[in-house]
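Asks: Dropping a structure here in structure tokens format, bear with me for questions.
Each value in this text was obtained by applying a stated rule to the coordinates, not by laboratory testing. Keep in mind that this is a model prediction, so the values were computed, not measured. Cβ atoms come from the backbone with ideal geometry, glycine included; neighbour counts cover every protein chain shown.
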Amino acid sequence: MKKGLVAVIMVGLLSLSGCLAPKTFNGSSTGNEDQFITSYSVLNTTLSNELELEAGDIVDVSVENNCGQLEIHLEEPGGHKMLREKFLTTSESFPVEISKSGKYRVSVIGENAKGEVSIVKQS
């Protein structure tokens, strides 16, 4: 009887510990020099990728954020942030024209976010 009670208490404590330590990311993410795509049920972290872009390229940004807060940054070579957008619950798409050639860093930052982001260079 005592062993059973101890087992029940241990299982309860382990269950509670899952509530106290929120997940940082649950989903999938893929990226290369032309695109960065992520879909998640939990995003409480920053995901990043580098894109190789030329002046005049168009990058299509698509955001579907079902809850929480989401932020997207697109950083030019040299560190200047050319795009810094915050999103709450939304579904939207927009193009971004690239002004200078080089490696661009894209970052997707979530706080209790759920949804998907697609950042793809037009071919």
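Asks: Sort 30-36, 70-76 by the packing proxy (mean of other Cβ within 10 Å over each peptide's residues), most packed first.
Replies: 70-76, 30-36
Asks: Continuing with the same structure: Compute the length gained on full extension between Asn26 and Gln122: take 0.36 nm times their separation in residues and subtract their Cα-Cα distance, giving the result in nm to one decimal.
Replies: Answer, rounded to one decimal: 31.8 nm.
Asks: Just rank Leu53, Leu47, Leu88, fewest to most, by other beta-carbon atoms within 10 angstrom.
Replies: Leu88, Leu47, Leu53
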